[in-house]
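Inspection log for the structure reproduced underneath, given as structure tokens.
The values are calculated or read from the model by the stated rules, or taken from the named source; none is laboratory data. These numbers come from a predicted model, not from an experiment. So basically every Cβ, Gly included, is an ideal-geometry build from the backbone, and we count neighbours across all protein chains shown. Heads up: the accessible areas ignore ligands, DNA and RNA and are worked out on the full protein's heavy atoms, side chains in. Shrake-Rupley method; radii C 1.70, N 1.55, O 1.52, S 1.80 Å.
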Amino acid sequence: MITLKKLTKVYGNGPGALTVLDNLDIEVAPGEILAVTGPSGAGKSTLAQCIGLLERPTSGQVIVNGEDLASLPERRLRVARRRIGTIFQSASLLSRSTAAQNVALPLQYLGVTPAETKARVAELLERVGLAHRADHYPFELSGGQRQRVGIARALALRPSVLLSDEATSGLDPETTLSMVALLRQLRDDLDLAVVFVTHEMDTVLHVADTAARLEDGRIVEQGRLVDLVTDHDSVLGRALQPRPAAAAPAPGSTPWALSYDSRAVPADWLQRVSAELGEPLALLAASIQSIDGTSTGTATVGLRAPAHQAAAAFARQGLHAVPVRTAGPDPVSTAVPRATEELQWA
Ligand SMILES: Nc1ncnc2c1ncn2[C@@H]1O[C@H](COP(=O)(O)OP(=O)(O)OP(=O)(O)O)[C@@H](O)[C@H]1O
Ligand SMILES: [Mg+2]
């Protein structure tokens, strides 16, 4: 369990002082992965460093398993830090040490016996699926494998919190997905509270249980993924579920942008709306995904019915519907009105 209370970080002082984290309140339960996202310079890495106490917060608390780490003197902090494992963008392995030797480092540093270290390293490499690469050097490993060694090393001291700062950035989509699957497995097996910093929305959707959006050092949105994605006013929710480009509607019909979740909308909404309006609906675009057992989707449909009738029929099925304004002669280029520029953080 990790709790941040009024966490504030100011770099410098006097007129040049820069408040990078401003009064953050965050809680991550055991078995929960919180994705922290936001534009470059928002303070994500600073947040990760303050949680890991690599940077001292200027004020506020970093409470791990009931103890406020931010208030500890340096000597006790070194011990307390073992409760927090960290993985970075580049796994930062020692290049002249094998995978096994890299994972063994934190254990040797603590004076764990060679026999115990050997057994623990074997168990950790097995857990991250790299038992067969124990004696390989970092240059003999793929980027994804190096990250797995980094994860094994981060877990060596049995932390209860895992911090990851852009650990999947720069990996190809397939490797990212396998890292994400590993992290979710570890979260379940070890009941870890995970803080996962990333600017990749796709990865957030795959890895996280909850997400927070940081902007200028403040949390502007946070919540469960499923709630964010189904909240029509959520900037983060829209970024997480981008709407696919729609095909052109038939002449004389109006495109409508719909969104829905399976808790409120029957699975056969398309047929129901069509039956009520007495006309077929043309499906111009659709995307659907399952989060926490709830299906959430967006669709663009084209139909001829007058706007007030269509709006009423959509509303009756629990659909959120907005007619798409067709600006200009090219209907294909008329995107659903949304602030795309604010969603492009990558
Ligand atoms: N040691 C430091 N001294 C002074 N300012 C710093 C320091 N570290 C970071 N900053 C400033 O704090 C702000 C937040 O930086 P941070 O690295 O946390 O952003 P970020 O959200 O991780 O960005 P990115 O997505 O680019 O990694 C930036 O304005 C940065 O210049
Ligand atoms: Mg960063």
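Among residues that are among the hydroxyl-bearing types (Ser, Thr, Tyr), in contact with a strand residue (DSSP E or B) (Cβ under 8 Å, 6 or more places away or on another chain) and open to solvent by less than 40 Å² (accessible area, probe 1.4 Å), Thr3 is included. Does the stretch 51-58 contain any residue that is touching an Asp or Glu at 6+ places or on another chain (Cβ under 9 Å), more than 16 Å from ligand 2 (Cβ to nearest atom) and at pLDDT 95 or above? Scanning the stretch 51-58 turns up no residue that is touching an Asp or Glu at 6+ places or on another chain (Cβ under 9 Å), more than 16 Å from ligand 2 (Cβ to nearest atom) and at pLDDT 95 or above.
For the stretch 90-101, check the following and say yes or no: at least one residue is part of a loop (DSSP other than H, G, I, E, B), touching a Pro at 6+ places or on another chain (Cβ under 7 Å) and surrounded by 18 or more Cβ atoms within 10 Å (Cβ to Cβ). Looking for residues that are part of a loop (DSSP other than H, G, I, E, B), touching a Pro at 6+ places or on another chain (Cβ under 7 Å) and surrounded by 18 or more Cβ atoms within 10 Å (Cβ to Cβ), one finds at least one in the stretch 90-101, hence yes. Report yes if some residue within the stretch 8-21 is within 18 Å of Asp68 (Cβ to Cβ) and more than 9 Å from ligand 1 (Cβ to nearest atom); otherwise report no. Taking every residue of the stretch 8-21 in turn, at least one turns out to be within 18 Å of Asp68 (Cβ to Cβ) and more than 9 Å from ligand 1 (Cβ to nearest atom). Quick one: what pairs do we get from the stretch 157-171, first residue without any contact (Cβ under 8 Å) to a residue 60 or more places away in the chain, second away from ligand 2 (no atom under 16 Å from the Cβ), C-beta under 6 Å, 6+ apart or different chains? Pairs that qualify, where the first residue is without any contact (Cβ under 8 Å) to a residue 60 or more places away in the chain and the partner is away from ligand 2 (no atom under 16 Å from the Cβ), are Thr168/Thr176; Thr168/Met179; Leu171/Gly143; Leu171/Gly144.
The set of residues from the stretch 275-291 being open to solvent by 70 Å² or more (accessible area, probe 1.4 Å), touching a strand residue (DSSP E or B) at 6+ places or on another chain (Cβ under 9 Å) and not in a strand (DSSP E or B) comprises just one member, Pro280.
Of the residues in the stretch 52-79, how many are assigned to a loop (DSSP other than H, G, I, E, B), open to solvent by less than 30 Å² (accessible area, probe 1.4 Å) and among the aliphatic types (A, V, I, L, M)?
Of the residues in the stretch 52-79, 2 are assigned to a loop (DSSP other than H, G, I, E, B), open to solvent by less than 30 Å² (accessible area, probe 1.4 Å) and among the aliphatic types (A, V, I, L, M).
Filtered by the rule that a residue be on the phi < 0 side of the Ramachandran plot, assigned to a loop (DSSP other than H, G, I, E, B), within 16 Å of ligand 2 (Cβ to nearest atom) and not charged (D, E, K, R), the stretch 190-218 gives Thr198, His199. Of the residues making up the stretch 18-51, those that are farther than 14 Å from Leu162 by Cα, hydrophobic (A, V, I, L, M, F, W, C) and open to solvent by less than 40 Å² (accessible area, probe 1.4 Å) are Val20, Leu21, Leu24, Ile26, Ala42. For His232, the conditions (1) assigned to a strand (DSSP E or B); (2) within 22 Å of the chain's Cα centre (by Cα) are fulfilled apart from (1). Would you say Arg213 is of a type in the set (D, E, K, R), over 30 Å from Ala305 (Cα atoms) and touching a strand residue (DSSP E or B) at 6+ places or on another chain (Cβ under 7 Å)? For Arg213, the condition - of a type in the set (D, E, K, R), over 30 Å from Ala305 (Cα atoms) and touching a strand residue (DSSP E or B) at 6+ places or on another chain (Cβ under 7 Å) - is met.
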